Amino acid sequence: MALFQKPKYSTVIVKKKDIPHGMWKKCPVSGDIIYNKELEQNQNVVPKSGYHFPITARKRISHLLDEGSFTELEKDLCAGDPLEFVDSKPYPERLAAYQKKTGENDSIVSGVGKIHGIPVSIAVFDFQFAGGSLGSVAGEKITRAIELAIKEKIPCIVVSASGGARMQEGILSLMQMAKTSAALGRLSEAKLPFISVLTDPTAGGVTASFATLGDVIIAEPGARICFAGARVIKETTNEELPEGFQSAEFLFQRGLIDQVVPRTEMRDRLRDLLAALYVKKEPTQA
Amino acid sequence: MDNNYALDFEQPLRGLIEQMEHLHQLSAENNIDLSKEIRGIEKKIAETKKSIYSNLTPWQRVQLARHPQRPYAYDYIERIFTGFQELHGDRAFRDDRAIIGGTAFLNGESVMVIAQHKGRTTREKLKHNFGSPYPEGYRKALRLMKMADKFDMPIITFVDTQGAYPGVASEERHVSEAIAVNLREMSLMGSPIISTVIGEGGSGGALGIAVANKILILENAYYSVISPEGCAAILWKDRAKAPQAAKALKFGATEIEKLGIVDGVVKEPIGGAHNDPDAAAATLKEAIEAQLAELKKMTPEERIEQRYQRFRKIGVTDEDVSDGKIVPIKEAAS
């Protein structure tokens, strides 16, 4: 048997230090390696493949709004623990860990600012904070952002990135869906535009409330948007899922959203929409 | 379904009832007086019922809420109202029978009834999709509610669903939008709206017909952001931990009443509504009448404002805690 011995391969040991940690990212679509700085300069979008990496709420706001125009509101609002919820960890401990990790108090950053000079009330989800989950704080901040828009007679924008309702606040989280949607009812009666921007991922209670109530609904390319997650659907129904199911493009093709807009074009697109719906004058090209 | 169906914790009771039936039979067949023995067992049954049903765990209540004999929407509708005329379809795609709706009379007064219905037999369950609505169900509900609002009729809804149906078609026809639109539109209606959770209040699928001025819940029903199994799968990584999740979510009737989610807990007959559907419906009817009488005193504008504020104030942040407005649930209970 010696004639047919298995060929011997030697393992090549890659020295970890050859690739400096945290300076590069690998694009999941093209497999290309991109320098972090280049990625940041392009709003975390891979230039060649168009893949959208996640982005923090604050970064997003800085990309969307006129420089220096943002005034943050309700920054200090923090969650309570009304259910004294404990799974493997008490809820307050989880909150503290997310606060430490993100530097945010909860999953929403909100305030007022300007987009090419047009005033807006804006609330943006930070997915890094508890999966962008919708609890009492997020619900309250979004509702206040909508109410502020009504008071100031300005448009409202919500950028979603959320797994849905926050389980640790139980039924109180569910009710944030009704609270925010009712506020949008008032915004609508005041004839002020609401633009909903859906980013990866937008799911559950967020999708089933304010996120799908936009006068205009825009999604980022490739964003997963759903009510029930694909895994849940597969497990419950044993259905074959169509290709691209629950992607922004899938929803667009089915007529469920208005546009799919790359992040790098979002600011100008919002300007164009607000110019049409709110200012009602064609914008002068900046 | 077998009429003798009993949940695990009901077994001791089932045994006693069988004993009693046996004694009755014996007494009748042999013409002997066993009334003393029968009275003894009856007393024991009453005691056992009390000890079982006054100490239910949250998970046991979930099982009661899902009891196969539990009265469903039609059972209440036929007992509470007269002249129910079911109206069908969303005028766009099809008629989703997971949500039923139509006009009816409450003590002779016209109302619109909207309800999630699970269905008892296999055939009925399939017809009503086990009470899990597709988007067209919510759109039908909205169509009927808008009609009621136009004709100044009170809207009475009954919530009993595990949740909106999670399926490809459901997503393709935008179930989230269908629910969201209902949340917004219900908040703008001048008609009185009263919702009652009669069994399972499953998440957004329940809320989609429950943005009401007054919300009631039956004693053994529950109303939750997520099913106990779903929550257990995500937070405990194990669906079998559903009993723990049921406890942690504090979604029982009295617990959510303390959180200000519901305006009243409707007592059920001892052992649960399925033990006496007539009595359960009678109690519920009284509760609905009382709420409706209050709402009828208000103008449409006042009802819209009351409903808005009702939901507007829900939520607990550190502001509430430091103001001492909301007491943590444990302290409130003691």
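Read-outs throughout are calculated quantities, based only on the coordinates presented, and are distinct from any laboratory measurement. Please read all numbers here as calculations on a predicted model, not as lab measurements. We place every Cβ from the backbone using ideal geometry, glycine too, and count neighbours over all the protein chains shown.
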Point to revise | Pairwise FRET efficiency - B:Ser27 versus A:Gln259, Cβ, R0 = 56 Å, nearest 0.05 | key: 0.10
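For A:Met167, A:Met175, what ranking results if the residue with the fewest other Cβ atoms within 10 Å of its Cβ goes first?
Working: A:Met167 26, A:Met175 30.
Ordered from fewest to most neighbouring Cβ atoms within 10 Å, A:Met167, A:Met175 come out as A:Met167, A:Met175.
Holding the Cα-Cα limit at 31 Å, pick out from A:Lys26/A:Lys100; A:Lys59/A:Lys179; A:Lys153/B:Lys250; A:Lys191/B:Lys140; A:Lys59/A:Lys151; B:Lys140/B:Lys297 the pairs that are longer than that. Show your work: numbers first, answer last.
Details: A:Lys26/A:Lys100 26 Å; A:Lys59/A:Lys179 27 Å; A:Lys153/B:Lys250 40 Å; A:Lys191/B:Lys140 26 Å; A:Lys59/A:Lys151 27 Å; B:Lys140/B:Lys297 29 Å.
From A:Lys26/A:Lys100; A:Lys59/A:Lys179; A:Lys153/B:Lys250; A:Lys191/B:Lys140; A:Lys59/A:Lys151; B:Lys140/B:Lys297, over 31 Å: A:Lys153/B:Lys250.
For chain B, what relative contact order do you get, as a whole percent, if you take Cα pairs closer than 8 Å and at least 6 residues apart? Intermediate values should be presented prior to the final figure.
Details: 584 pairs, mean separation 48.7, N = 334.
RCO, chain B: 15 percent.
Rounded to the nearest 0.05, what FRET efficiency is calculated for A:Leu241 and A:Glu40 with R0 set to 30 Å and r the Cβ-Cβ distance? Walk me through the numbers before you get to the answer.
Values: r = 34 Å, r/R0 = 1.13.
Once the sixth-power term is evaluated, E becomes 0.30.
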**Study point:** Helix axis angle, A:91-102 relative to chain A longest principal axis, alpha carbon, degrees
**Key:** 80
Exercise for review: Could you size up the charge dipole of chain A around its Cα centre, putting +1 on the beta carbon of Lys and Arg and -1 on that of Asp and Glu, and report it in debye to the nearest 20?
Suggested key: 820
**Study point:** Positive dipole terminus of the protein assembly as shown, leading residue within A:Ala208, B:Ala73, B:Ile100 (C-beta point charges)
**Key:** A:Ala208
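Please rank A:Arg60, B:Arg14, fewest neighbouring Cβ atoms within 10 Å first, as an exposure proxy. Walk me through the numbers before you get to the answer.
On the way: A:Arg60 24, B:Arg14 13.
Fewest to most other Cβ atoms nearby, the residues stand as B:Arg14, A:Arg60.
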Check your understanding: For helix A:170-189, what angle does its Cα long axis make with the longest principal axis of chain A, in degrees from 0 to 90 and rounded to 10?
Key -> 50
Study note, to complete from the structure: Whole-number value, in Å³ per residue, for the convex hull of the alpha carbons of the protein assembly as shown is 230
Practice item. Find the percent of Cα-Cα distances in region B:120-233 that exceed 19 Å, and round it to a whole number. Key: 46
Review point. In what order do A:Thr212, B:Thr299 fall by count of nearby beta-carbon atoms within 10 Å, going from fewest to most?
Key: B:Thr299, A:Thr212
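Can you give the translational diffusion coefficient of chain A in µm²/s, computed by Stokes-Einstein from the Kirkwood radius over Cα pairs at 25 °C and 0.890 mPa s? Intermediate results must be reported in sequence, preceding the final value.
Working: Rh = 20.5 Å.
My calculation gives 119 µm²/s for D.
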Point to revise | Reachable aspartates and glutamates, given that their alpha-carbon falls under 16 Å from the alpha-carbon of B:Lys285 and they are not under 8 places away in the same chain | key: B:Asp75, B:Glu78, B:Glu109, B:Glu219, B:Asp263, B:Glu268, B:Asp276, B:Glu294
Review point. With chain B treated as a Gaussian network of Cα nodes joined by springs under 10 Å, which of B:Ile155, B:Ile314, B:Ile209 yields the largest mean-square fluctuation?
Key: B:Ile314
Review point. Quick one: length gained pulling B:Thr254 to B:Gln11 fully straight, 0.36 nm per residue minus the C-alpha distance?
Key: 84.9 nm
Exercise for review: Select from B:Gln291, B:Gln116, B:Gln309 the residue whose mean-square fluctuation is largest in a Gaussian network model of chain B (Cα-Cα springs shorter than 10 Å).
Suggested key: B:Gln309
**Study point:** Mean Cα-pair separation over length for chain A, i.e. relative contact order, pairs under 8 Å, 6 or more apart, %
**Key:** 13
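Any idea what the relative contact order of region B:213-266 is, in percent, if you count C-alpha pairs under 8 Å spaced at least 6 apart?
Values: 67 pairs, mean separation 26.4, N = 54.
With pairs under 8 Å counted, the relative contact order is 49 percent.
With r defined as the distance between the Cβ atoms of A:Thr71 and B:Ala92 and R0 fixed at 51 Å, what FRET efficiency is calculated, to the nearest 0.05?
Efficiency for this residue pair is about 0.70.
I'd like the mean, over residues of A:226-239, of how many other protein chain beta carbons sit within 10 Å of each residue's own Cβ. Before the final figure, lay out each step's value.
Numbers: counts 4, 17, 13, 1, 3, 1, 5, 6, 2, 2, 6, 6, 0, 4.
Mean partner-chain Cβ count within 10 Å for A:226-239: 5.
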Practice item. Tabulate in residue order the Karplus-calculated ³J(HN,Hα) for region A:238-255, using 6.51 cos²θ - 1.76 cosθ + 1.60 with θ = phi - 60°, rounded to whole Hz; enter x for Gly and Pro. Key: 6, 7, 6, 8, x, 5, x, 3, 6, 7, 3, 5, 5, 5, 5, 5, 7, x
Study note, to complete from the structure: CD proxy, 222 nm, chain B: helix-only mean residue ellipticity via -39,500 (n - 2.57) per DSSP H run with n ≥ 4, per residue, nearest 500, stands at -14000 deg cm²/dmol
Review point. Helix A:263-274 versus the longest principal axis of chain A: what angle, 0 to 90°, nearest 10, using Cα atoms?
Key: 20
Check your understanding: Label points 7 Å out from Cα along the Cβ direction at B:Thr57 and A:Ala190: separation in nm?
Key -> 4.9
Check your understanding: Say each of B:Asn275 and B:Gln19 gets a label point 7 Å from the Cα, pointing the same way as Cα to Cβ; how far apart are those two points in nm?
Key -> 1.7
